[in-house]
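Heads up: the structure comes next, in C-alpha cells.
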Amino acid sequence: MKTIYQCLTLLVLFTITVASTGNAQNLIKNGGFDGNPSYTDWKIEVVEGPTASRTSGGNPGGYVWLNHAGRSNDPAVAQTLNGLTPGTEYTVEGDYRAGDHFPMHNRGKSIKDILALDIDGKQLATFRLPEPWNKWTRFSATFTATGTSHTIRLRGEINGADADVALDNVEVKSKADAAAENRRFVVEMMGKRGVLTFSDDLDKKPTGVKITLYGTARQVQQEYELGNGYWRNDILRVSGTLNVFGNAKQVSLKLKVEGDKLVGNMTENNVFLPFFPVIGARYSQGLDRLPPQNNPAKKYDLVVLNLLQAWSGPWWTTIPVKEIGAQYKMVNVTYDPKENLFRLYEFPDDLSTNASIDQYLKTTLSVKPYIRGDVGLGSDDENVFAEALLQMVFEVLVRYPCNKFALKYTGHGASYESFERVRYSAQAGFYPAIADLLGKRIEYLDWSTNCNAASLYNLKQQAPYANYILANDLRWGGCFFDGKKSGDLPVKTYGQYMTKSGDTKTNLSNYVGAINTWLNNSGNQECYAKGGSQYERPQQVTLFDCRAVERLVNDPGLNLAELFKTGGQSKVLAAAYYSDGSQYGDLRTYISTIDKSKVSLFDQTILKQANNRASFTWQIPAQGINFDKK
C-alpha cells in the first residue's frame, strides 16, 4: 500500500513530433525507459515519480512501475505522437510483467488481465497476466490512424485489481514496418554476428531464412538463404548449403522463437558432430551486438588473447600484459564454470598476487543463453562452450583491431584438447571459425604450459588454421609456474620477445631458446630433472611450422591417420614425445620404421625446441614407438 503522498496524481506532459518513416523507426521516444528518471519523455498518471522510475531490473536496463494500490484511478504512462499518416495501420508493442507487489496483494485471487492499451482515451486492447507472473512477455496491438496525432496510454491495475505492472521496450511502428522488422533478428553463430531474416511473418510459419554474417569491421563475410523448411513443436527446421569455414556443407538449421529471443543450432547433414549453437534477439533489441561500421579503436600489429585457468591459481600474475606501442597487446579472459561466465580483463604489469582484479574487468559474456535442452544444447556440451568463447574472440577483435591475432592458454591440456572444454569435435569448428573470421590463419597458438598439447591429434586439428603452434609435447607443463626459483622465467617478458622483430617465426624461436636455457639451468630445481628430485619430469616445448605439419599428417605413404584407429591411446598421443604412465613415445622413430626417407618430413615440422631430456636415460627399442624411463 502507498502513502497519501504516493497516491497523488502527478501530471508531466510531453509532446513528441516525429516523421513517418519506412525504415522501421520507433515512433516512441525513450521506449526503453532508460532516462533519469526512467520515464523521461513520458507523461505519468496516478503514480508518484519515485515509484514509477526504476533504473534497473528492466528487460534490460530501466523500466516504469505502474503501482497505485488498486484504486479506481489506474496508474498509467502516456505519450503523444504527431506526424502520423491517416489511414495507415500502426503497431504498438512492448514488454510487460506483473510488478513486484503482485504476489503480496493477489494471493488466491483469479486475475486475468493486468494491462490495458488506450488510444486517445479509448481502450483498444487488454493483455493477460503472464505465466509465470514475473516473466517478461511481449504485447502487441494494431490501430489505424485517423489523424496526424494520437496519444497512446498504457494502464496497470485495471478492472479495480491491485495488480501492479512493470513496463519496458515500448515501440510504435507502421504495421508494415513492424511486420518486416519482426522477421529480423540479430544472431550470433559460427563465431560471427549478423542478421537472420525469416521469409515471411512468423505467424504465417515461414519456411525459409536469409542469413547475413559480418566480420568485426561490419563487413559482410557470408550471405546464405536456407529453405525447404517445416515446423514441428514450434521449431522451424530449414536446410541448404553453407560455406562452413572454406568448405561447402549441406546443413540443417533448427530455430525457435520465444518472444524477442531466438535459439537454435546448426548441424552438418549426416554428421553427428560438431554442431554450432545459435542465439539471437529482435533486430531493434540486438543492434548493440553488431560491430561498429567505423571502429575508432586503436589498431595493433599483434593481439594475444590469453585464456586463463584462473580458478586453479593466480597465474595471471606471471604474464605481463602491458601494451607495447601499436605493436603488441595482450588481454586476458577467464571462465567461471559455476556462473557459466566469461570475463575479459586488462591487467597492469605490476598486478600483485593478492590484488582485486574486478577493477580491471572490461566486459562479460554469459554462456547461459546457449544452454537450451529443447534445441539440443546442454550445459556440459563442448560446442556450447566453444561458440561462447568464439563470441568472446569476436568481442576482443572489435575492441582491439589487429593485423595478427594469437591465442594462448595458461592452464591444462591433454592429448585430445589443447585447453579444457574445447576438445574432440569442438576443435573441428573452433579453430576454423577464428581463421574464417580473420580472413587468414591465426598467427600462432601458444600451448607451451599445457600437458600433451602437441599430440598428433591436436596438431592435425589445428595446423590448417594457424601459422605456428608452440606446444608442450610431454605430460607436465605446470612447472613453468609452480617453481620457487622462477625469477628469470622467460614468460615474465613475453611481450618483449614477441616484439623483438616484425617476424613472428623469429620472435617465437627466440622465446623457445630462452625457455631451453631456463629448463637446463640446474638452479631451477623445480624443473631440472635429476634423480630423486620431487620434480623429476621431462619437459619439451616445441615450435611447429603448421604447413609442414600438414604435409606430414597428410602424406599418403605414412598414413598416420591409422594411429587414430589402431594401437590404443598411446599412439594417438604421439607428437614428438608423449607420456603414457611411465612410458614415452617418439613419433620420429616410429616414422623411421615405416619409411626412413620420410623422417625429413617430421624434422621439417620442428622450427625450435626446448627440453631437459639430457638428464634422462632413454631406452630405444627397435620398433621405435615406446621408451622406458630408467
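Of all residues in the range 607-620, which are at pLDDT 80 or above and within 28 Å of Gly557 (Cβ to Cβ)?
Within the range 607-620, Leu607, Lys608, Gln609 meet the criteria.
Being of a type outside the set (A, V, I, L, M, F, W, C) and more than 40 Å from the chain's Cα centre (by Cα) is the filter here, so list the residues in the range 81-116 that pass it.
Matches in the range 81-116: Asn82, Gly83, Thr85, Pro86, Gly87, Thr88, His105, Asn106, Arg107, Gly108, Lys109, Ser110.
Please determine, by comparing only the residues of the range 172-189 that are of a type in the set (A, V, I, L, M) and modelled with pLDDT under 90, which one is least open to solvent (accessible area, probe 1.4 Å).
Ala178
Just to be sure, is Leu226 out of contact with any Phe, Trp or Tyr (no Cβ under 7 Å at 6 or more places or on another chain), assigned to a strand (DSSP E or B) and open to solvent by less than 30 Å² (accessible area, probe 1.4 Å)?
Yes, satisfied.
Which one is least open to solvent (accessible area, probe 1.4 Å), of the residues in the range 112-149 that are β-branched (Val, Ile, Thr) and closer than 19 Å to Ala161 by Cα?
Ile114
Can you work out which of the residues in the range 89-111 that are assigned to a helix (DSSP H, G or I) and touching a Phe, Trp or Tyr at 6+ places or on another chain (Cβ under 9 Å) is most open to solvent (accessible area, probe 1.4 Å)?
That would be Pro103.
I'd like to verify a number: residues in the range 185-226 that are under 12 Å from Pro291 (Cα atoms) and of a type in the set (Asp, Glu), how many?
The qualifying residues number 1.
Evaluate the range 259-282: report whether one residue or more is of a type in the set (Val, Ile, Thr), without any contact (Cβ under 8 Å) to a residue 40 or more places away in the chain and open to solvent by 60 Å² or more (accessible area, probe 1.4 Å).
no
Can you confirm whether the range 18-28 contains a residue that is in contact with a strand residue (DSSP E or B) (Cβ under 6 Å, 6 or more places away or on another chain) and at pLDDT 90 or above?
Within the range 18-28, one or more residues are in contact with a strand residue (DSSP E or B) (Cβ under 6 Å, 6 or more places away or on another chain) and at pLDDT 90 or above.
Report those strands (runs of 3 or more DSSP E) wholly inside the range 126-204 carrying at least 1 residues which are β-branched (Val, Ile, Thr) and over 18 Å from Glu45 (Cβ atoms).
137-144, 165-174, 184-189, 192-198
How about the range 370-388: which of its residues are in contact with a Lys or Arg (Cβ under 8 Å, 6 or more places away or on another chain) and at pLDDT 85 or above?
Residues satisfying the conditions are Phe385, Ala386.
Considering every residue within the range 586-606, establish whether at least one is part of a helix (DSSP H, G or I), more than 22 Å from Leu543 (Cα to Cα), modelled with pLDDT of 50 or more and basic (Lys, Arg).
yes
Test Lys204 against the stated conditions and say whether it is open to solvent by 60 Å² or more (accessible area, probe 1.4 Å), over 29 Å from the mean Cα position of the chain (by Cα) and in contact (Cβ under 8 Å) with a residue 24 or more places away in the chain.
Taking the combined requirement at face value, the residue does not satisfy it.
Does any residue in the range 149-165 that is closer than 25 Å to Thr80 by Cβ and of a type in the set (Ser, Thr, Tyr) come within less than 6 Å, Cβ to Cβ, of a residue that is open to solvent by 10 Å² or more (accessible area, probe 1.4 Å) and part of a strand (DSSP E or B) six or more places away or on a different chain, and which pairs are these?
Pairs that qualify, where the first residue is closer than 25 Å to Thr80 by Cβ and of a type in the set (Ser, Thr, Tyr) and the partner is open to solvent by 10 Å² or more (accessible area, probe 1.4 Å) and part of a strand (DSSP E or B), are Ser149/Asn82; Thr151/Thr80.
Among the residues of the range 29-75 satisfying the criterion of being surrounded by fewer than 19 Cβ atoms within 10 Å (Cβ to Cβ) and β-branched (Val, Ile, Thr), which is modelled with the highest pLDDT?
Here the residue is Thr40.
I'd like the full set of residues that are open to solvent by 20 Å² or more (accessible area, probe 1.4 Å), closer than 22 Å to Val303 by Cα, part of a loop (DSSP other than H, G, I, E, B) and modelled with pLDDT of 80 or more, limited to the range 338-369.
Correct list: Glu346 only.
The values are calculated or read from the model by the stated rules, or taken from the named source; none is laboratory data. Given the structure is predicted, the values throughout are model-derived calculations rather than measurements. Cβ coordinates were reconstructed from backbone atoms using ideal geometry, including for glycine residues, and neighbour counts include every protein chain displayed. What goes into the accessible areas is simple: the full protein's heavy atoms, side chains included, and nothing from ligands, DNA or RNA. Shrake-Rupley method; radii C 1.70, N 1.55, O 1.52, S 1.80 Å.
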